[in-house]
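Below is one structure. I have some questions about it.
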Amino acid sequence: MSLALIQVRVFNASYEELSPTTLANAIKLVAVQGRAEVIEADEEQLMLTAKGEPFLIPKVIRMLEMLRVPFVYSDEYFSKHGVLKRDKHTCGYCGKAATTHDHILPKSRGGLDTWENSISACLKCNQKKADRTPEEANMPILYAPDKWVPQRIYFRSDKPRRRKKTK
Ligand SMILES: [Zn+2]
């Protein structure tokens, strides 16, 4: 997985969740500016700093200072359950009731766990499509999930000290 694609979850000093940020920005906040701490790191992946020291890739960071963010829109975190909800439990291939999650570009071919690469599917269609793209399987998608990344909104009402965009 490309490091550039990694998103890091960000919490405010008060532990409210903010918008996720890029890995590069998270590392800058923690290691360069000292404005955030790592709450959770990916134990399975190591990076090397410029000095060649191993460095765990942060997954969740927390700001050490309170950021004022009145409200923030950001993409909802991806979940397979969320895909079913988004698609109203409707199979993207046959329109019947869906109970499973399908990677449009199969995972075995590099497809990612993202909203854009996900569609709800009934078990039958999921098994039929298997490790193929919709084109290869001749199973066109009935609707376009790439247009729909669910959004979430955060509200903030804390005492302002500094305003910052985390994106
Ligand atoms: Zn189906």
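Would you calculate the convex hull of the Cα atoms in segment 80-147 and tell me its volume per residue in Å³?
Numbers: hull volume 4.9 nm³, N = 68.
Measuring per residue, one finds 72 Å³ for the Cα hull of segment 80-147.
Here is a further query. For segment 13-148, count the residues as N, evaluate 2.2 N^0.38 Å, and divide the Cα radius of gyration by that value, please.
Ratio of Rg to 2.2 N^0.38 Å for segment 13-148: 1.36.
What is the magnitude of the charge dipole of segment 80-147 about its Cα centre, with +1 placed on the Cβ of each Lys and Arg, -1 on the Cβ of each Asp and Glu, and no other charges, expressed in debye to the nearest 20?
For this selection, approximately 260 debye.
So, one more: When you count, for each residue, the other Cβ atoms within 10 Å and take the mean per peptide, how do 96-105, 130-139 rank with the highest first?
96-105, 130-139
Here is the link list: Lys96/Lys129; Lys28/Lys107; Lys59/Lys88. Which ones come out longer than 27 Å on Cα distance? Show your work: numbers first, answer last.
Numbers: Lys96/Lys129 15 Å; Lys28/Lys107 31 Å; Lys59/Lys88 30 Å.
As for pairs spanning more than 27 Å Cα to Cα, those are Lys28/Lys107; Lys59/Lys88.
For each of Ser74, Ser108, Ser118, Ser79, count neighbouring Cβ atoms within 10 Å of the residue's Cβ, then give the residues from fewest to most.
Ser108, Ser79, Ser74, Ser118
The numbers here are math on the coordinates, done by the rules we state, and not lab data. On a predicted model such as this, the values are computed, not experimentally measured, just so you know. Note: ideal-geometry Cβ built from the backbone for every residue, glycine included; neighbour counts use all protein chains shown.
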